[in-house]
1. Could you calculate the contour length gain from B:D163 to B:L14, that is, 0.36 nm times the residue separation minus the distance between their Cα atoms, to one decimal place in nm?
2. B:V260 label point, 7 Å along Cα→Cβ, cut-off 15 Å on backbone N: hits in region B:19-54?
3. Is the shape of chain A best called rounded, prolate or oblate, per the rule: a/c under 1.5 gives rounded, else a/b larger than b/c gives prolate, else oblate, with a ≥ b ≥ c the square roots of the Cα gyration tensor eigenvalues?
4. How large is the translational diffusion coefficient of region B:292-394 in µm² per second when you combine the Kirkwood radius over alpha carbon pairs with Stokes-Einstein at 37 °C and 0.692 mPa s?
5. Give the peptides B:306-315, A:27-36 in descending order of average Cβ contacts within 10 Å, highest first.
6. Nearest 10 degrees is fine. How inclined is helix A:148-160 to the longest principal axis of chain A, computing both from alpha carbons?
7. With +1 on the Cβ of every Lys and Arg and -1 on the Cβ of every Asp and Glu, and nothing else charged, how large is the dipole of the protein assembly as shown about its Cα centre, in debye rounded to the nearest 20?
8. Once the Cβ-Cβ distance between B:L129 and B:L22 is put in as r, and R0 is 60 Å, what FRET efficiency do you end up with, to the nearest 0.05?
Amino acid sequence: MREALLSLEGVTKVYRMGQVEVPALRGVDLELHPGQFLAVMGPSGSGKSTLLHIAGLLDRPTSGKVRWQGREVSSLRSGQLAELRGRHIGFVFQTFNLIPTLTALENVELPLLFRGLATGERRKRAEGLLELVGLAGRARHRPGQLSGGERQRVAIARALAPDPELILADEPTGNLDSASGREILELLRSLNGTGKTLVLVTHDTEAAKVAKEIKHMRDGLFVGGEG
Amino acid sequence: MIGDLFRLAVRNVLHRRLRSWLTVIGILIGTAAVVALISIGQGLERSITQEVERIMGFNTLLITPQGRSFQAQIELDLAALREIPGVEAAVTVRTETAYVEGPLRDGFLSLTGYDPAMEEFLGELHLELAVGEGLTAPGQVVLGARASQVLGAKVGDQISIEDRPFQVVGILAEQEEGGGMAYGGVPVNDSLYVLYQDLKGLFPGPDLAQLAFVKVSPEADVGQVKAEVERVLARTGTTEAEVVGFEEITQRIRTVLGGVQAFLAGIAGISILVGGIGVMNTMYTAVLERTREIGVMKAVGAKDWQVMLMFLFESGLMGLAGGTLGLLVGLGVAMAASAVVQRLFQMEAGFSAVASAGLILGALAFSFGVGAISGLLPARRAAALPPVEALRYE
């Protein structure tokens, strides 16, 4: 078996809300291998977004181990985590999270900017990605001038900018009409076809069907088998 | 990459236009006040220095009584001073009280010994004649405006001073009150003027003087001559005297003006501080507003220092903008003010505000610094935000 891209071992996450401790994850094991396309389903509050944040190295687990390509990441400083995220992981959010003051092109360039790529190189790559998601003509538009579907495609182009191995999508169709939603899911499926590893978090059964496998979560744990 | 962060910062500042302007105006007012005050102060200092130079020249030494009271007199050996190598001339301003008889009245009046060489020393004596002419020969006297009225003497009259006859050759124009104070504390209007040699004839003895001027020849070293003058004064028994040069006088003026300036600029500087608090406020608001944006940036790989630098650039830019505009406004105000002052007081020496390179660079660096420092805490808060919390922020 090939080495896992990312592995979670007995990961727990407890949020503290004043005096009350709220467990979000209660010992999750997960291995993601190159080329995998996993949908994680579950009701809200089941811990799937927390799982995504920890898998995306945005958050640290309360206990348990997180390994990126075999390397334990819990001892890494925030700057090193940012470096890993910036090179290997792309995020797609429900609310798109584009920077409103930047154009579509500049939003796509952003991860490359923080990595220190030269302007020309950045621009070329971002233009290519916008073309890939079918928005070549909208490069100079700001997010406010784009439709929801278009914004999400810009966000996907941004996630692809550093050519990451892993793409994490958190309810990417949650704010879209069904037609745009289907287009986005198709786009994700085609990305998986090019070899990207994908995790799709959703509570929409239809959306989850685009993935190769589905896991269900409830109360901070995976439940049942593959659906 | 730092250039890119800077460009992002510029975009953000321009984006929240109104708020940025208001913040910038806060810095602007403070900088303008400080710049205007310093610029006027430097202008004042320059014109006073020029005035001193015009009146006494670079190469003139002033000998004054140490006590500095108006009545104090020092005993001088002018002949010994003149023998010092490098000394071109030495004159005193010497005033005695003499018994004067005029056609109308008699009484005791101030009698000042006048040395024609003094004209050269004190171009600004303002001893302008209303009638007649100046002293050219022994036995002549020039009267102050009020002295001529008191004595009832006109040009051509004969008066007696200490029982010796003198010919009135000129009468001075009426001086403004206090106009004679610069000149040994003698009220010019009430005085009589005779040649110095006549005064010595009337009052023999040592050269007693309120003031003395020593002119140093252009080739000689002023410092050396000054030391020599001090030695000669000590040797000839003049101990209560002080020798000051042009450098020292301007230095004293500078010290006093500098103190006043620092005090005023300090007060004005408080308004820059207030402007800095404005910057801090704006930046805290910006961090709060863009919390989600910060989260996104961190998610796509922005490191803490990059986020921090971006916010520092934003606050520094606002500081710099305020400083630049404040500099222009301040210099404008200073120029307008000096034009008004010049007109109101009809100053003869040109008085204009000074825009020195130090002031300009200092104002720009200081305002950028105030901006950046004010932004430091907000920027640190932005950099320290955990990415997940920032992303979740509504």
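1. On the way: separation 149, 0.36 × 149 = 53.64 nm, distance 8.84 nm.
My answer for the length gained is 44.8 nm.
2. B:37-52
3. Details: a/c = 1.69, a/b = 1.41, b/c = 1.20.
Judged from the Cα gyration tensor, chain A comes out prolate (a/c at least 1.5, a/b above b/c).
4. Details: Rh = 16.5 Å.
Approximately 199 µm²/s, per Stokes-Einstein.
5. Values: B:306-315: 24.7, A:27-36: 16.8.
Result, highest mean first: B:306-315, A:27-36.
6. Compared with the principal axis, the helix lies near 80 degrees.
7. On the way: 59 positive and 67 negative charges, 1041 e Å.
So the dipole magnitude of the protein assembly as shown works out to roughly 5000 debye.
8. Values: r = 63 Å, r/R0 = 1.06.
My answer for the efficiency is 0.40.
Each reported figure results from applying straightforward, stated rules to the coordinates on display, with no laboratory input. Computed from a predicted model, the values in this text were never measured in an experiment. Cβ atoms come from the backbone with ideal geometry, glycine included; neighbour counts cover every protein chain shown.
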